[in-house]
1. What FRET efficiency comes out for Arg48 versus Asp114 if R0 is 30 angstrom and r is the Cβ-Cβ distance? Round to the nearest 0.05.
2. Under a crude label model (7 Å from the Cα following the beta-carbon direction), how far is Ser184 from Glu170 in nanometres?
3. Please find the FRET efficiency linking Lys177 to Glu133, where r is the Cβ-Cβ separation and R0 is fixed at 30 Å, and quote it to the nearest 0.05.
4. Nearest 0.05, what FRET efficiency do Glu100 and Glu155 give at R0 = 35 Å with Cβ-Cβ as r?
Amino acid sequence: MAKRQSPFRVECAQCGATDLFMPGSLTAGWTPVHAQAEAKGWSGLRARPLCPLCTASANRSATSPTTKPPACAARPAMTQENTMGTNPAGSKAETAQVREPSLAETATIFKKLDEVFERGRYLDRWSDRKVGEALNLPWALVAKVREQLLGPLKEDPAITALRSEVEQLEEMVLEVKEKLRVMSAAA
């Protein structure tokens, strides 16, 4: 497997919001980092980077006589729903907010993904949840970093839902086995 480059981090000069971009490779649809950032709505990358919300705020204030504070204060909360697209039923991450990962966490997640993720798919029985468990990090955080660095999963949503259902059933089997063990020990 070819060695991947480190992610490039861009920080908004006005509000401090950050975003990560992958340089890519010349053989796999290479897109310059600044082109990726501009496509997401970032501006002023060479001198004073502004996130999409601050860029929109600056554009509005340039056309209107009154100046408003940056729109970053109204930035929507990042939830599992808008980081993965699909959510296992009954998951605690459905309502939990996903915090921004530290640079060390991003590097750790990226290193693990380099081992278990290839061409938009997880290898073997790996998933966002399994990577999170292996690294002792929230799986929603893993999903967020994977989406930012490597893009969305390239798998049929029906298969993704079935995998999630299988994981839940495996957890239920483990719970039943534990109850059976406890009941056997008590008898």
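All of the numbers you see were taken from the coordinates with simple rules; none came from a lab. Computed from a prediction, not measured in an experiment: that's the story for all the values here. As a convention, Cβ positions derive from the backbone with ideal geometry for all residues, glycine included, and neighbour counts pool all protein chains shown.
1. Details: r = 32 Å, r/R0 = 1.08.
My answer for the efficiency is 0.40.
2. 2.2 nm
3. Working: r = 19 Å, r/R0 = 0.62.
Here the calculated transfer efficiency is 0.95.
4. Efficiency at R0 = 35 Å is approximately 0.85.
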